[in-house]
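What follows is a short report on a single structure.
The values are calculated or read from the model by the stated rules, or taken from the named source; none is laboratory data. Here the structure is a predicted model, which is why all the values come from computation and not from measurement. Virtual Cβ from ideal backbone geometry, glycine too; neighbours counted across all protein chains shown. Please note that ligands, DNA and RNA were not included when accessible areas were found on the heavy atoms of the full protein model with its side chains. Shrake-Rupley method; radii C 1.70, N 1.55, O 1.52, S 1.80 Å.
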2 protein chains.
Amino acid sequence: MTESIGFIGLGNMGHPMAINVLKAGYNMKVYNRDLSKTEKIVEAGAKRGIRPDDVVERGGIAVSMLANDEALEAVTLGHDGLLSRLGPGGVHVSMSTVSPALAHKMHELHEKEGCSYVAAPVFGRPEAAAAQQLWIVEAGNAAAKERVRPVLEAMGQGIFDFGEDPSHANIVKISGNFLIASAMESMGEIFTLAEKNGIDRTQVFNMLTQTIFGSPIYKNYGQKIAEKNFQPVGFPIQLALKDINLVLDAAEQARMPMPFASQLHDRLLSGIAKGRGENDWAELTRGIEDEAGIE
Amino acid sequence: MTESIGFIGLGNMGHPMAINVLKAGYNMKVYNRDLSKTEKIVEAGAKRGIRPDDVVERGGIAVSMLANDEALEAVTLGHDGLLSRLGPGGVHVSMSTVSPALAHKMHELHEKEGCSYVAAPVFGRPEAAAAQQLWIVEAGNAAAKERVRPVLEAMGQGIFDFGEDPSHANIVKISGNFLIASAMESMGEIFTLAEKNGIDRTQVFNMLTQTIFGSPIYKNYGQKIAEKNFQPVGFPIQLALKDINLVLDAAEQARMPMPFASQLHDRLLSGIAKGRGENDWAELTRGIEDEAGIE
């Protein structure tokens, strides 16, 4: 494992992911806009760059994990962007949850420079990232995917391939986040109906997750929602709204109504209006209680 | 096992359930409005009654499995209803998916006659009923529940107790059906988004159910929806609309909006308008494709 990795974006998700790549034995140079967030990983053996293009080697591998489209564009494009350095043969593994439209644009810009853009967004909260338990959805050039596979394996428990068009991985990723938010809204509605009828929320949660809804999403988020215990914050409502907006944009592009997504948009937006934007997205369900007159 | 059971309602669900009780060694008398549906179980050893009160013994156990509130009222109340015969010490195990309000009314009427009304609605399709794999949600008088427990065990793989108020079991049951319909709608929306973007529906289904959504509901219904294969009909859209109406009625009573339930109401109603009322409820997702302009 002599490949050197340029890792860009060391937030709640990026930091534990980068740590796992470092542990797998790669040489690593890191960049984060807020330099203070690089201290821990530099102690662990990574080198620090002060600009995105600092950390990338010509023809090498860059990995980015950022909050949104704007951040990905900022570190990739422009005179000190990673794309200015990556060059022929290089691979940019873009793990952020960004719009399918941006993935498409990035794919074309990278091709023009002779390098590859592999979209590889992930499912999992920061704890899962730390435990190397992410699920990774990838799409992009076949040879590039093969080259970066060991890097992805260092971060996740499984990789699902969706072909050559990077935007497809992003559609699947935002679809998954929509599916999680839908599950949370629907659980919130029935737990509140139970509560209003004098039935224990947790008992309903237990029955459903011990029988026909026994998947990680229903178990993990369902417990938070049943118990109204939303700590710690794994993924804030602000970012969840961003993702539902990406879903609605993709649906608009594809010419299809998504009524649940529209409903979730308003639910999340209202959560932000009520000052819950930095709270965990499971707290979207508090809006249901608000509307039911529960204090 | 010398208890004699009066079993009322031998439809798609009631028939396999009654067969399992019979196999467990109980004496059984059966009633069904359409007498022809009793032929098979009479061959298997049950006796046939021609009126609901025919099949019930004074102080005995009656089990009913019917399509809706009206059918349950018809076989229970009135001069030839089972309640006219059941009398002191008797137990009526009501396994139909009916309104919490009717459960409450039935509870009071049974108490007045000195007998008990145990609500025990079930989760599972006809195949699950045949395989003794139903999940049963029960609520009612404690002594009555204890007496009928072996009868329920003959029909299901697990029993969840929700206390003394029978209506609570019905709230949990209709909540579960709502949760299933919500899961189907949300899967339908993303599989259609995938399709409109040239991504294989089944590949998205596989990824999600092999990772964070690996529960029976997502696997079983998700496969039908991904493949657009809605045979055989386990539970028709007509009955699903009935259940969502029960949810909305309960929500109205409890004074709480349930926006996903409202959305599902319109989706199911539109399915009926398009002539799909007798089709499986997973086909509610065809409405999403209709709206997306998919032929």
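Note on region B:222-239: residues that are under 21 Å from residue A:208 (Cα atoms) and buried (at least 23 other Cβ atoms within 10 Å of the Cβ) amount to 1. For region A:157-210, residues that are more than 7 Å from chain B (Cβ to nearest Cβ) and among the aromatic types (Phe, Trp, Tyr) total 2.
Looking at region B:46-66, which of its residues are closer than 23 Å to residue B:134 by Cα and not in a strand (DSSP E or B)? Walk me through it before giving the result.
Narrowing region B:46-66 to residues closer than 23 Å to residue B:134 by Cα: B:46, B:61-66.
Within region B:46-66, B:46, B:65, B:66 qualify.
If you scan region B:281-295, which residues turn out to be open to solvent by less than 50 Å² (accessible area, probe 1.4 Å) and of a type outside the set (S, T, N, Q)? Reasoning before the result, please.
Filtering region B:281-295 for residues open to solvent by less than 50 Å² (accessible area, probe 1.4 Å) gives B:281-285, B:287-289, B:292, B:294.
Hits for region B:281-295 are B:281, B:282, B:283, B:284, B:287, B:288, B:289, B:292, B:294.
One residue stands out in region B:52-71 among those that are more than 23 Å from the chain's Cα centre (by Cα) and surrounded by fewer than 16 Cβ atoms within 10 Å (Cβ to Cβ): the one that is farthest from residue B:170 (Cα to Cα), namely B:58.
Filtering region A:249-280 to residues that are crowded, with 18+ Cβ neighbours inside 10 Å, among the charged types (D, E, K, R) and either within 14 Å of chain B (Cβ to nearest Cβ) or in contact with a strand residue (DSSP E or B) (Cβ under 6 Å, 6 or more places away or on another chain) (or both) leaves only A:267. Quick one: residue A:157 ticks every box in (1) within 17 Å of the chain's Cα centre (by Cα); (2) touching a residue at least 40 places away in the same chain (Cβ under 8 Å); (3) open to solvent by 10 Å² or more (accessible area, probe 1.4 Å) bar one, so which box is it? Against the list (1) within 17 Å of the chain's Cα centre (by Cα); (2) touching a residue at least 40 places away in the same chain (Cβ under 8 Å); (3) open to solvent by 10 Å² or more (accessible area, probe 1.4 Å), residue A:157 comes up short only on (2). Taking each residue of region B:211-238 that is within 10 Å of chain A (Cβ to nearest Cβ) and looking for partners that are assigned to a helix (DSSP H, G or I) and acidic (Asp, Glu) with beta-carbon atoms closer than 7 Å, six or more apart or interchain, yields nothing.
On the given criteria, is residue A:98 β-branched (Val, Ile, Thr), crowded, with 24+ Cβ neighbours inside 10 Å and either in contact with a His (Cβ under 9 Å, 6 or more places away or on another chain) or within 14 Å of another protein chain (Cβ to nearest Cβ) (or both)? Here the answer is no, as residue A:98 does not meet what is asked. The residues in region B:249-286 that are more than 14 Å from residue B:68 (Cβ to Cβ), outside any loop (DSSP other than H, G, I, E, B) and of a type in the set (Asp, Glu) can be counted, and the count is 4. Scanning region B:106-121 for residues that are over 10 Å from residue B:91 (Cα atoms) and in contact with a Ser or Thr (Cβ under 9 Å, 6 or more places away or on another chain) gives B:106, B:107, B:109, B:113, B:119, B:120, B:121. When restricted to residues that are of a type in the set (Lys, Arg) and over 21 Å from the mean Cα position of the chain (by Cα), region B:252-291 contains 3. Test each condition in (1) over 19 Å from residue B:260 (Cα atoms); (2) part of a loop (DSSP other than H, G, I, E, B); (3) of a type outside the set (Asp, Glu); (4) within 12 Å of chain B (Cβ to nearest Cβ) for residue A:246 and report the one that comes out false. Residue A:246 satisfies every listed condition except (2).
For every residue, the table says whether it meets (1) modelled with pLDDT under 95; (2) outside the structural domain of residue A:179 (by TED's automatic domain parsing); (3) of a type in the set (Gly, Ala, Ser).
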position: A:78; (1), (2), (3): yes, yes, yes
position: A:95; (1), (2), (3): no, yes, no
position: A:106; (1), (2), (3): no, yes, no
position: A:112; (1), (2), (3): no, yes, no
position: A:123; (1), (2), (3): no, yes, no
position: A:131; (1), (2), (3): no, yes, yes
position: A:138; (1), (2), (3): no, yes, no
position: A:141; (1), (2), (3): no, yes, no
position: A:148; (1), (2), (3): no, yes, no
